[in-house]
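Following: one structure in structure tokens, then a few remarks.
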Amino acid sequence: MESQWHQLPVADVYQAIGSGKEGLSVAEAKKRLEENGFNELRALHKKSPVAVFFSQFKDFMILILLVAALVSAFVAHEYVDSFVILILIVVNAIIGTVQELKAEQSLEALQKMSAPRAKVLRDGKETVVPARELVTGDVVLLDTGDYVPADIRLTAFNSLQIQEAALTGESVPVDKSETLLPADAALGDRVNMAFSSSLITYGRGRGIVVETGMDTGVGKIAAMIQEAPEVQTPMQKRLEVLGKTLGIAALAICAIMFGIGLLYKKEPLHMFMSAVALAVAAIPEGLPAISTIVLALGVQRMAKRNAIVRTLPSVETLGSATVICSDKTGTLTQNRMTVKQFAIPGDAEPRAIGEGGSTDLVYCAVLCNDSKETENGLVGDPTETALIDAGSRYGVKKSALESRKPRIEELPFDSDRKLMTTVNKDDEDGKITSYTKGGMDEVFALCESIRTPEGDRPITQADRDAFAALNQGMAGNALRVLAFALREIDALPDDPKTLESHLTFLGLMGMIDPPRDEAKDAVAKCHTAGITPVMITGDHKLTATAIAKELDILPEDGIVITGKELEAMSDDELHERVETISVYARVSPEHKVRIVEAWQSRGHVVAMTGDGVNDAPALKHADIGCSMGEGGTDVAKDASNLILVDDNFATVVAAVEEGRRIYDNVLKAVSFLLSCNVGEIITLFVATMLNWAEPLLPIHILLVNLVTDGLPALALGVDPAAKNIMTRKAQKQEQIFTRGLIWRMCYQGVMVGGLTLTAFLTGMPYGEQTAQTMAFVVLAMSQITHSFNVRSIDKSIFVEHPLQNMKLVGAGALSFVIVLCCTLIPGLNDVLGLVRLPGHLAMEVTLLALAPIVVVEIMKLLKINTSKAERKLL
């Protein structure tokens with residue numbers, strides 16, 4: 001039924017809802033409240049902290065490590081190993097829990113937007129009740145400054161204007177009228193309706209409550225937020241696949257290794273523990289913690305660039321973004337109406353504001369105006385504040401002008417007349433002048449003369465044709481055009497309505513909510529970075545097209561469609577055409593979600609920016625939602641992943657750059673850790689296959705994975721951004737295991753494993769413990785030197801100078817000191833099963849540890865360190 005309220009006559013609405021002009025009785029209102037519940041939004045069910053904590057253990061890698069820790073403790077009694085593994089797992093779970101407990105507050109914010117009290121008629125008498133106690137059928141009285149407490153079918157109007165930007169995206173208040181509308185009228189076109197959470201900016205009215213609580217427009221948005229699935233970021237998806245792949249591979253290799261050991265008739269428990277050691281070697285224990293810390297450091301850097309990150313994984317998502325769907329009002333534009341052009345008699349073309357002008361036109365714009373100048377700026381209707389601002393461009397301040405020409409009479413704006421008139425008396429010469437503004441057709445119909453530089457003269461058809469063309473040209477540029485006229489009188493007439501007759505035409509002014517100054521540069525950077533910007537707005541098609549062209553969002557062959565046209569498309573058709581459509585106008589919140597999902601269905605990573613309640617569902621569904629910090633509603637902020645503190649679209653581009661840097665650095669850490677772990681697997685697997693003694697003990701592998709793997713990997717996470725980071729084309733979602741990464745992981749793993757086995761064989765003549773010490777030291781030290789190789793997949797470390805990342809230098813130095821301590825400090829080396837190496841073996845170990853630099857430099861020189869696909873992007 002709700003879709004019909006705007007198309008039904010008032011009498012039919014009263015009948016359908018079971019009410020009348022005098023409202024409900026107190027008894028009936030109480031009955032309906034008991035039946036239908038309060039006019040409020042349902043609370044969102046939230047997980048308990050305990051449930052959130054235990055949900056962190058669902059990761060496949062974590063489960064394997066848990067099993068390994070338990071087996072080490074209860075079967076092999078290796079308590080040190082199991083303790084270290086458990087500490088890692090618990091720390092990672094705590095970090096994840098803290099992040100996830102930043103619970104969704106969207107519904108709470110929506111509830112805050114509801115008016116706390118409402119004026120209603122009960123038993124025919126005006127009374128004030130809590131807004132949550134409103135029921136369908138209540139007759140509500142609305143006045144300037146009130147928030148609309150429910151969805152209301154308006155029944156009476158007195159120059160009523162309502163600001164609906166947060167709900168519909170339209171930048172100016174909507175004039176309300178009794179016009180009946182078709183069933184498919186867009187939300188912003190339903191001029192006989194008042195929607196919950198919108199603001200009365202002018203006039204008065206009354207209406208009947210037709211929807212409350214979750215059935216209102218805001219309630220439906222709340223339901224969409226509740227029903228939105230939790231969207232994993234691209235990095236989360238990739239790491240999840242990585243974890244499963246590594247886990248399955250580890251189990252398979254462990255089974256093979258265990259079986260081979262049994263064939264060699266080795267003791268089963270010993271082989272089982274060796275298999276567990278291999279599982280530990282196969283899984284990079286520090287990866288979850290390292291990726292979390294890298295993202296947290298990125299959050300700190302983003303904050304310095306005016307972007308507040310609400311969920312850690314979101315930091316890298318913008319770096320993977322291939323599409324940015326942006327709201328227009330308040331995001332790409334200033335959300336502040338501004339006079340851009342004017343025209344006076346004699347002009348063949350409109351002129352930019354500030355270029356010459358007419359004193360009478362400026363005076364009329366400033367005096368026929370209800371806006372106020374306050375210490376905090378201009379207050380009033382956006383159209384009128386734009387006129388005051390235009391006057392200031394000519395040095396005319398309203399307060400000063402009104403003190404000299406005070407208002408002595410007025411005819412307030414009326415949506416039927418579409419006119420406003422004020423009468424002002426000049427204190428200096430006593431002249432009385434009435435000033436009128438309104439739509440051009442309405443003003444022209446009242447004019448008998450026209451004011452030119454040579455003086456007033458009768459208005460002609462040629463004048464009307466000329467200004468009709470000027471008006472059409474300005475409107476064609478999406479400007480909202482107002483006409484101005486005056487009349488000089490000797491005294492106030494008995495009937496004020498006669499003031500709007502025998503007028504002298506002054507000219508036109510055209511205004512628009514202009515693009516942000518920095519938005520065009522930001523859009524250009526998006527194009528350079530291979531990111532497709534798309535405008536999605538509730539505003540009119542003409543306005544959206546003009547702004548999109550000015551910002552270069554709409555190319556020459558670009559397509560603009562409306563919400564009605566979008567509704568006529570099936571999901572399959574939208575998915576097929578979505579990459580060709582640049583601008584969507586007059587759309588609803590449901591439409592925005594469809595658009596986001598259509599892009600996602602094409603494999604794109606979608607970022608959505610917005611500031612209004614109407615943007616919240618799409619912000620929630622997008623891979624990353626970016627809301628505005630200053631002008632954004634609480635609902636938009638709480639549904640988003642990223643908040644732009646300065647409401648600056650350019651900050652999105654800065655966030656993209658930071659996201660790409662983080663993504664690159666996480667991949668560097670992953671590449672480094674995997675190549676090192678493959679080296680460990682090869683070392684253990686080859687030794688088992690050949691029935692050698694164990695080259696490494698489980699404690700050695702854990703120590704290497706946590707220290708000489710972990711510290712450099714963490715330092716790689718803060719590597720400076722590549723110079724071409726924002727000229728590289730954005731890529732659609734792909735798995736971490738690209739051909740290039742697999743190739744590097746394999747050959748570099750073989751390199752690390754080969755060097756470790758070489759060290760082990762070199763040390764065997766001096767005893768098994770010496771051989772294990774050499775294998776441990778070469779494994780650890782070769783990984784330290786190798787960490788400098790992975791800073792770039794194509795550039796030499798002598799080009800990507802090591803000192804550019806002093807944290808990596810420090811991490812390498814600290815890891816080196818730890819390795820020395822493990823072998824040289826008496827007592828500690830005994831616990832670890834290590835010995836002090838003689839000088840000549842230490843020299844051999846050093847040479848083997850430096851070999852990775854030589855090998856990888858040769859591969860880079862021969863241009864075989866990368867895949868063909870990677871070389872195309874570099």
Any aspartates and glutamates whose Cα falls less than 15 Å from that of residue 723, other than same-chain ones fewer than 8 residues away, would be 657, 658, 664, 794, 800
Take the Cβ-Cβ distance between residue 305 and residue 803 as r, set R0 to 30 Å, and report the resulting FRET efficiency rounded to the nearest 0.05.
0.75
Which of 548, 491, 446 sits closest to the plus end of the dipole of the range 430-564, meaning its Cα is farthest towards the positive end, when Lys and Arg get +1 and Asp and Glu get -1 on the C-beta?
548
For the range 585-720, shape from the Cα gyration tensor axes a ≥ b ≥ c, cut at a/c of 1.5 then a/b versus b/c, turns out prolate
Taking every alpha carbon pair in the range 529-569 and sorting the distances into 5 angstrom bins from 0 up to the bin holding the longest one, the percent per bin comes out as 5, 20, 33, 23, 13, 5, 1
Quick one: 3J(HN,Hα) in Hz for the range 696-702, Karplus 6.51/-1.76/1.60 with θ = phi - 60°, rounded, Gly and Pro as x.
9, 8, x, 5, 5, 5, 4
Computed on Cα atoms, the radius of gyration and Dmax of the range 817-874 in angstrom are 18.6, 54
Could you work out how far the C-alpha centroid of the range 590-615 sits from that of the range 649-676, in angstrom?
23
Residues with amide H under 5 Å from that of residue 138, placed H, sequence gap 5 or more
209
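Express the relative contact order of the chain as a whole percentage, based on alpha carbon pairs under 8 Å and six or more residues apart in sequence.
The normalised contact order for the chain reaches 13 percent.
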Toward the positive end of the charge dipole of the chain, about the Cα centre and with charges on Cβ (Lys, Arg +1; Asp, Glu -1), which of 691, 271, 726 goes farthest?
691
Between residue 492 and residue 825, what is 0.36 nm times their sequence separation minus the Cα-Cα distance? Round to one decimal in nm.
109.5 nm
For the peptides 386-394, 678-686, what is the packing order when you average, over each peptide's residues, the other Cβ atoms within 10 Å and list the highest mean first?
678-686, 386-394
Residue-normalised accessible area of the chain, given per residue in Å² at a 1.4 Å probe:
42
Go ahead and run the numbers for FRET between residue 645 and residue 349, Cβ-Cβ distance against an R0 of 45 Å, rounding to 0.05.
0.65
Under a plain spin-label model, where a point goes 7 Å from the Cα along Cα-to-Cβ, how far apart in nm are residue 183 and residue 393?
4.7
When the accessible area of the chain is split by element with a 1.4 Å probe, what percent falls to carbon and sulfur?
58
Hey, can you rank 409-421, 498-510 by average C-beta count inside 10 Å, highest first?
498-510, 409-421
Can you classify the range 537-623 as rounded, prolate or oblate using the Cα gyration tensor, where a ≥ b ≥ c are the square roots of its eigenvalues, rounded means a/c under 1.5, and otherwise it's prolate if a/b beats b/c and oblate if not?
rounded
Just how large is the dipole of the chain about the Cα centre, in debye to the nearest 20, putting +1 at every Lys and Arg Cβ and -1 at every Asp and Glu Cβ?
3120
In whole percent, the Cα-Cα distances of the range 467-586 spread across 5 Å bins from 0 upward as 2, 9, 15, 15, 13, 11, 9, 7, 6, 5, 4, 3, 2, 0
Order of 489-496, 31-38 by packing, highest average Cβ count within 10 Å first?
31-38, 489-496
Using 7 Å Cα-to-Cβ label points, what is the residue 442/residue 123 separation (nm, one decimal)?
4.2
Which pairs break 32 Å Cα to Cα here: 304/372; 620/860; 119/431; 30/176?
304/372; 620/860; 119/431
5 Å is the cut-off here: which amide hydrogens, built 1.01 Å from N in the peptide plane, fall below it relative to residue 717, excluding neighbours closer than 5 in sequence?
none
Using just the helices of the chain, give the 222 nm mean residue ellipticity in deg cm²/dmol: DSSP H runs with n ≥ 4 each add -39,500 (n - 2.57), and the total is spread over all residues, rounded to 500.
-15000 deg cm²/dmol
The range 447-509: relative contact order as a whole-number percent, Cα under 8 Å and 6+ apart:
46
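The values are calculated or read from the model by the stated rules, or taken from the named source; none is laboratory data. Not measured: the values here are computed from a predicted model. We place every Cβ from the backbone using ideal geometry, glycine too, and count neighbours over all the protein chains shown. These accessible areas exclude ligands, DNA and RNA; they are computed on the full protein's heavy atoms, side chains included. Shrake-Rupley method; radii C 1.70, N 1.55, O 1.52, S 1.80 Å.
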